[in-house]
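Structure below; questions to follow.
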Amino acid sequence: MRPFAYVEPASLTAASEILADPKARAMPIAGGVDLLGELKDRIVEPERLVNLKAIRELDYLRFDSDGTLRLGALATLTAVAGNERLRREFPAVAQAAQSVGSVEIRNVGTVGGNLCQRPRCWYYRSALHKCLKKGGDVCFTTLGDSRYHAILGGGPSFIVHPSDLAPALIACDARVLIAGPGGKKDVPLEKFYVLPSVRLDHETILAPGEIVTEVVVPPAFSAAAGARSLFLKFRERESFDFALASVAASLKMDGATCTAARVVLGGVAPVPWRSGEAEKVVIGKAIDVPTAGQAGEAALKDASPMTNNGYKVPLTKALIQRALIELSGRGREPGPG
Ligand SMILES: Cc1cc2nc3c(=O)[nH]c(=O)nc-3n(C[C@H](O)[C@H](O)[C@H](O)COP(=O)(O)OP(=O)(O)OC[C@H]3O[C@@H](n4cnc5c(N)ncnc54)[C@H](O)[C@@H]3O)c2cc1C
């Protein structure tokens, strides 16, 4: 890897000033689980790394008196997965954090780093391939092996969003707080990510110098407010692996009737993919096996599989159906699908 200077900023403002200066050629580093891989593979070659861990006040997990959850950008995935109240109030978020990588990765990886990690696409990660995202003129998935790539929302690049935490947080209606040279921003997490058709060099709205400082999860989709949430992930390797497909869902029920739903898919699109189509199918209905199956069909109706990833379509439909049935409280009833 290329040599770099290591900067320990005294404050968020100092970190943001260095990161915003184009001459500094600086990048933020948190746990380093993702960034060090990129440096070793020479995918990025900053001259300075700005150590966010020096800003200790970003490391917290707490609940406000009204039940709002606040995750500092430096909270580790282990802290998120293991917090008793969080597991009770927002089960999908704890389950997603628990499903990330291995215990070592969860101990070091942070909430901010997990949400801002770069795609795992093997062409993007290969120093031998100058793909579209690295200023080249082709997405190699269109010529090569597309088995792990997008079936929804792809083009001109067909990466998939890698974070497990992001779909679960979006299913619970989370917001993200950002600090930068232009001041502070408060953005729904769902609007934090952008498709490759909008921006190719990065997957988020972050501008130079901007740092994720906090994730806020309001109580509306908490267990205390009567919501249920769940995260299901299908991976090739059970020990540790990224999602081939995942679903995070959050429902509110009035008796047997679903009154509100948020369904978000991971591993199938360049961004966490909120499925308004699936939500529409279940809202106002009692969720049984056929209804949950229709939600899966609706979510995938515009899927556009590539040469090697057609398997993701039935896989994702099945995950959606299973998640909705489990959340409805009906268990897995016998029936079609
Ligand atoms: C073998 C392996 C398996 C994995 N499996 C999974 C998995 O199953 N599910 C999953 O979700 N992830 C998985 N990951 C990814 C891992 O969870 C992330 O790499 C980790 O969470 C990143 O957190 P970090 O703090 O180490 O970030 P870093 O590596 O320090 O940073 C990651 C990126 O985010 C930027 N960044 C970091 N913090 C901030 C911030 N506060 N504001 C703005 N930008 C920031 C950095 O500049 C960098 O570009 C896996 C990784 C490996 C190596």
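Are any of the residues in the range 17-27 modelled with pLDDT of 95 or more, out of contact with any Ser or Thr (no Cβ under 9 Å at 6 or more places or on another chain) and closer than 20 Å to SER163 by Cβ?
Yes, that holds for at least one residue.
Another one. Taking ASP201 and the conditions (1) more than 13 Å from the ligand (Cβ to nearest atom); (2) surrounded by fewer than 21 Cβ atoms within 10 Å (Cβ to Cβ); (3) assigned to a loop (DSSP other than H, G, I, E, B), which numbered condition does it fall short on, given that it satisfies the others?
All conditions are met except number (1).
Just to be sure I understand the filter: pairs with C-beta atoms under 6 Å, separated by 6 or more residues or on different chains, first member in the range 1-15 and among the acidic types (Asp, Glu), second member open to solvent by less than 100 Å² (accessible area, probe 1.4 Å). Which pairs pass?
That search, which allows pairs on different chains as well, returns GLU8/ASN51; GLU8/ALA54.
Sort out which residues of the range 228-247 are out of contact with any Cys (no Cβ under 8 Å at 6 or more places or on another chain) and part of a strand (DSSP E or B), and write them in order of number.
Result: ARG228, LEU230, PHE231, LEU232, LYS233, PHE234, ALA245, SER246, VAL247.
To continue, here is another question. Within the range 85-128, work out how many residues are more than 16 Å from the ligand (Cβ to nearest atom), crowded, with 17+ Cβ neighbours inside 10 Å and of a type outside the set (Asp, Glu).
5
Taking the range 30-54 as the region of interest, how many residues are more than 9 Å from the ligand (Cβ to nearest atom) and either closer than 23 Å to TRP122 by Cα or among the hydrophobic types (A, V, I, L, M, F, W, C) (or both)?
Matching residues across the range 30-54 total 7.
May I ask you to say which residue of ALA295, ALA260, ALA318 is assigned to a strand (DSSP E or B) and without any contact (Cβ under 8 Å) to a residue 40 or more places away in the chain?
The match here is ALA260.
Quick one: VAL247 ticks every box in (1) open to solvent by less than 10 Å² (accessible area, probe 1.4 Å); (2) of a type outside the set (D, E, K, R); (3) within 30 Å of ILE105 (Cα to Cα); (4) out of contact with any Pro (no Cβ under 8 Å at 6 or more places or on another chain) except a single one, so which number is it?
Tallying (1) open to solvent by less than 10 Å² (accessible area, probe 1.4 Å); (2) of a type outside the set (D, E, K, R); (3) within 30 Å of ILE105 (Cα to Cα); (4) out of contact with any Pro (no Cβ under 8 Å at 6 or more places or on another chain), VAL247 fails exactly one: (4).
Checking GLY67 against (1) open to solvent by less than 10 Å² (accessible area, probe 1.4 Å); (2) away from the ligand (no atom under 15 Å from the Cβ), only one condition comes out false. Which one?
Going through (1) open to solvent by less than 10 Å² (accessible area, probe 1.4 Å); (2) away from the ligand (no atom under 15 Å from the Cβ) one by one, GLY67 breaks only (1).
The values are calculated or read from the model by the stated rules, or taken from the named source; none is laboratory data. The shown structure was predicted, so the numbers you read here are calculated from the model rather than taken from an experiment. No Cβ is skipped: glycine too gets one built from the backbone with ideal geometry, and neighbour counts run over all protein chains shown. To get the accessible areas, we keep the full protein, side chains included, count just its heavy atoms, and leave off ligands, DNA and RNA. Shrake-Rupley method; radii C 1.70, N 1.55, O 1.52, S 1.80 Å.
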